[in-house]
Every structure is written in C-alpha cells, then in structure tokens.
1. I'd like to compare 62-68, 150-156: which one has the highest average count of other Cβ atoms within 10 Å, and what's the full order after that?
2. Measure nothing fancy, just the Cα-based angle from helix 170-180's long axis to the longest principal axis of the chain, in degrees from 0 to 90, nearest 10.
3. Take the Cα atoms of the stretch 171-301, find their three principal axes, and give me the spread along each one in whole Å, biggest first.
4. Calculate, for Ser80 and Ser218, the FRET efficiency according to 1/(1 + (r/R0)^6) with r their C-beta to C-beta distance and R0 51 Å; round to the nearest 0.05.
5. Describe numerically, in nm with one decimal, the distance between label points set 7 Å from Cα along Cα→Cβ at Phe287 and at Ser10.
6. Nothing charged except the Cβ atoms of Lys and Arg (+1) and of Asp and Glu (-1): what's the magnitude of the dipole of the chain about its Cα centre? Round to the nearest 20 debye.
7. Sorted by mean Cβ packing within 10 Å, highest first, what order do the peptides 304-310, 274-280 take?
8. Tabulate in residue order the Karplus-calculated ³J(HN,Hα) for the stretch 336-344, using 6.51 cos²θ - 1.76 cosθ + 1.60 with θ = phi - 60°, rounded to whole Hz; enter x for Gly and Pro.
Amino acid sequence: MTAAATQGISTRGFATNSPEAKFEPFNFVRREVGPNDVLIDIEYCGICHSDIHQAKNEWPDLMPATYPMVPGHEIIGRVSQVGDNVTKFKVGDAAGIGCFVDSCRTCGACTSGIEQYCMNLAAYTYNGTEMDRVTPTYGGYSDKYVIDENYALKVDVDGDLAGVAPLLCAGITTYSPLKRFNVGPGQKVGIVGLGGLGHMGVKLAKAMGADVTVFSTSPGKEADARKLGADNFVISKDAEAMGALRNSFNFILDTVSAAHDLMPYVGLLGYGGAMVVVGVPPEPSMFHQGSLIMGNRILAGSLIGGIHETQEMLDFCAKHNVTADVEVITPDRIEEAYDRTIKSDVRYRFVVDMKHA
Ligand SMILES: [Zn+2]
Ligand SMILES: [Zn+2]
C-alpha cells in the first residue's frame, strides 16, 4: 500500500458540533476504496426532516446524536473509482445512497431483502457506525462517500440529478407502503399532508394510476396539490367534506409528523382499507380500536425500504419521469434551509449542491 492508501480518502464535509451549533466545514477521511467498494463524488444531498431531528438531538432515545455530525441520507452523485470486484458500477455512472450503507447480511431481515429492519441494526449513513460498531459514519453533506456496491443504488437519469436525491429517502418512504398495499388504477388513495413526503406520495400514487386526494390543513396548498397531480383536495378540518368521504378510500398514506387525530382518516377507509403512517409525532396518539374493527380496516407503519425495493423505486421513477420538486442551495445556507423546513416553507425539498463544496 502506498502512503496515500493508508491515509484513506480526504473528504470535505459540513458538520455540526452540538444541538445549537452552526454547520462548519469539517475535513475527514473516508476509508480507501476496497475490492467491493465504489467511491461516489457527491453532487447533491437532500435535507430530510430527520437530519434536523438528529442534528438538534431531538430523538435522544431513538437516535442519540453523536458529534461532530455530518447529516445527509439523500445522496446522489457519480462513481469516480471502483474496487477490483465491483460489477454493478463503472466510473462515470450516476449512483445514489439512502439511509443505510451496510447491514449484517445474515439475519432474517437482511436475507429477505429488508435490510432496513436488520435485526443486528444496519449501519446508518450518518450519526451511526460502520458494522465494526466503532468507525463513525458521516453523511452526504460532504463531497465523497465510499460504500460497498451492494448498498449503493443505480440511477438511470441523463439530466440534472438534483431532483433525484430526495427519492433516496422521501421517495422510498412513500413508494414502499404504496406498493405493499398494491395501489394501482381504479383505487382511491388519500395522502395526508403535503410536505416533502406528501408531495412524493402524490406523484408516485398518480404514476401508479390511482385517483389521489390530498388532505391538508392549509387551503393555500390546493393549487400546488393539483399541479403535482392530485385529483381532489380536502381541508381536513372541514367536517362536512370529511363526512362526505366516509368509507370510500382503498388506501391512505399519513405523512404528518405534527400531533394530529388519526380517527377521522381511518373513518375514510372502505371495507378492508389500509392506512399507513410514516410520520412520528412527538406524543402518542389516542386511538379507538372500534374504528378498525368496524370495516376490517388496517393501520400500519413503514420504514423506508430495502436495497432491492429502493432500486425498483428508482427504476420506476426513471420510467415515469418522477423526481422531487427541489430548491437547490449552497452549503452555507444549511441553517436557513433547516429553519425554513421547520416552518414548512419549502416546495418541497431542499437539496444541497455539493459539487462546489
Ligand atoms: Zn430521511
Ligand atoms: Zn441483518
């Protein structure tokens, strides 16, 4: 090995050092490209709301913060180096990284292709460790990532990649539950909340052929909802409009992470209908079991997707021309983007341009 090889790959990132700290340039070293690894030159990284929760240590029990933290798990870029055994990628290929970069590969979840539920805990893309449980992982607010090819995603897009980045978390988070409940033509689908996740839910459900209704508390979002492809728009506080829709939906995706009552939405499901929640409000919700029992309804949760399904989602999006609506920013504006994301003042995802970081 050369001296350079033992030192690994110098990487420029942006890190925060405490819940209150501002992001600052942070130089660190990625591992050298191993036989099964690819080096990705990052072009864009989306800002997911969970970046904010973790950077500010708002999930101390679920995902305690370790600093310095380089967030970012909606990563898109181009392969600039491949290891000797790599077959899936060649130099120049577009490639993506989602919420995890490795897993145990042997447990029931990993061998079933649902690595996100790895029973030995997957290696999260940031604010975690590699599977050695020692080496910290740093995310996509950086210019390079070294990853095993089996955990990187292929992206078949010719044009600009900015709108593809959010598919790696917001896209798969909404695609997986839609697929699980076989959403398709002739079905009535509700999307609750029109933020980063909700706007992807609308686009994907439409691309799958469903009739889509957006539920929102903001009347100002109707024009946007329809522009994104929604067939109907309902103000969720309008009891009359909600009442008229009782028992009529096949599937509802609830993307809201603010405290809210689930019961009005469950009541909209028809016989055997399913609602999946993907947002985590700070406090537990009250819930009446009778609303599920009457109507044979299903209430479920869902966490991102496995590597195979994430690839399927990216291929689906390429085929149907689905990308996220994004606002591209330079890394010096991460705090501003965080503040605006917290205020829901973004249509619909901030993406950090890492090409010139
Ligand atoms: Zn995310
Ligand atoms: Zn596993």
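No value in this document is a laboratory result; all are computed from the given coordinates. Small disclaimer: the values here were computed from a predicted structure and weren't measured. Using ideal geometry, Cβ is built from the backbone for each residue, glycine included, and neighbour counts are taken over all protein chains shown.
1. 150-156, 62-68
2. Orientation of helix 170-180: about 50 degrees from the principal axis.
3. 36, 29, 29
4. My answer for the efficiency is 0.75.
5. For Phe287 paired with Ser10, the spin-label model returns 5.2 nm.
6. Charge dipole, the chain, about its Cα centre: 680 debye, nearest 20.
7. Put in order of decreasing packing, that is 304-310, 274-280.
8. 4, 5, 4, 4, 6, 5, 4, 8, 6
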